Amino acid sequence: MWFRRKNPGGMTREELQERIRRSAERAANAEAALERGELPRYVYDRAKEQLAHELPWTSDLTVSEWAVLSRYKLRPLGLVMGCCVYHLGTRGKANAASYYGSYSFVQQEQAMYDTRALALHRLSQEAALLGANAVVGVELEIREGLEQETLELRAFGTAIVVEGLSVPSSPLLCTVSGQDLVRLLHAGSMPVGLAMGVGIYYQQSDRQDMWQMGSYYNQEMYSYSDAVYQARHRAITAMKHHAADVGGNVVLAHHTSMHVEEVEVEVEVGFEEVDSRTNHIVEFFAMGTIVSNRGQVHPERPQLVVSLNDSNS
């Protein structure tokens, strides 16, 4: 009697092949949808099941945020995500030492902006499927992709419905929490979106820098300090310009982060003389919520509170 050998997962060879075929078909359909600017079919199916209460909803809300939802008339719908893996093209690390002086990586900065736009658009699309008019607590995670010269950016947030807030063409995206969003609305301020700034600066070390690195004395590395200031200045300036372009006059709850990467290079300094130097790539990132002051303040209705403590005891 012949027996069909099963793999460790308990499936026959035919079942395993069918599973692989379905996975490949699903991946191909997802890629085609993303190329059309749409979300994969399984995202629509998951949103439909969630709206029909066939699946529990998830969230990144804290316990305190969850406890005050009813007070601020917020209804959470679920955790939404947008992701994009982007090829950065030629970053120029290999040829960086051939240039004289330090400079900004404009090409990579633009790649970061393009990646951000795609990830946030997909996050907004998923929130719209759930019927949300806002996404609060938006966070971005940026890291190197699995392949060389690729960048992965993931955006997370909780899709919510704010009672009394009209449904915009696309949900509002905010880094602020849900209750802080309502506080802004009551204070006469309207969040209008997210602002982001990126500064990527290549610092080229010279002999003076290398001498300082080997010194026995405490001293500031002026070239390194300048690289940090240059990257930060480009990021903050770009974030402010982005806010002004969409009609905002302030950026709240902005987050900043910085990453420094060392690049080992060899530089010809004379006839058959080569110096080994350590250059640096400084990446500065800033993001916050763009707010426009409307001037219409809606004070909260005072609540009557009766103390449960006996003052005579």
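The values are calculated or read from the model by the stated rules, or taken from the named source; none is laboratory data. Treat the numbers as computed from the prediction; the structure is a model and nothing was measured. For neighbour counting, all protein chains shown are included, and Cβ atoms are generated from backbone atoms with ideal geometry for every residue, glycine included.
Quick look at the numbers
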{"quantity": "Qualifying residues in the range 157-194 (those that are of a type in the set (D, E, K, R) and in a helix (DSSP H, G or I)) - the one surrounded by the most Cβ atoms within 10 Å (Cβ to Cβ)", "calculated": "D180"}
{"quantity": "Matching residues, the range 200-235, being acidic (D, E), under 27 Å from Q108 (Cβ atoms) and out of contact with any Lys or Arg (no Cβ under 9 Å at 6 or more places or on another chain)", "calculated": "D226"}
{"quantity": "Output for the range 46-69, where each listed residue is part of a loop (DSSP other than H, G, I, E, B), out of contact with any Asp or Glu (no Cβ under 9 Å at 6 or more places or on another chain) and not hydrophobic (A, V, I, L, M, F, W, C)", "calculated": "H53, E54, P56, T58, T62"}
{"quantity": "Y202 surrounded by 14 or more Cβ atoms within 10 Å (Cβ to Cβ) and either at negative phi or under 23 Å from the mean Cα position of the chain (by Cα) (or both)", "calculated": "yes"}
{"quantity": "Condition met for R154 (in a strand (DSSP E or B) and free of Cβ contacts under 8 Å to residues at least 12 places away in the same chain)", "calculated": "no"}
{"quantity": "The one condition in (1) modelled with pLDDT under 90; (2) surrounded by fewer than 17 Cβ atoms within 10 Å (Cβ to Cβ); (3) closer than 14 Å to S102 by Cα that S215 fails to fulfil", "calculated": "(3)"}
{"quantity": "Pair list, Cβ under 8 Å, 6 or more apart: the range 257-280 residue at negative phi and part of a strand (DSSP E or B), other residue among the basic types (K, R) and at pLDDT below 85", "calculated": "V263/K93; E264/R277; V265/R277; E266/R277; V267/R277; V269/R207; D275/R207"}
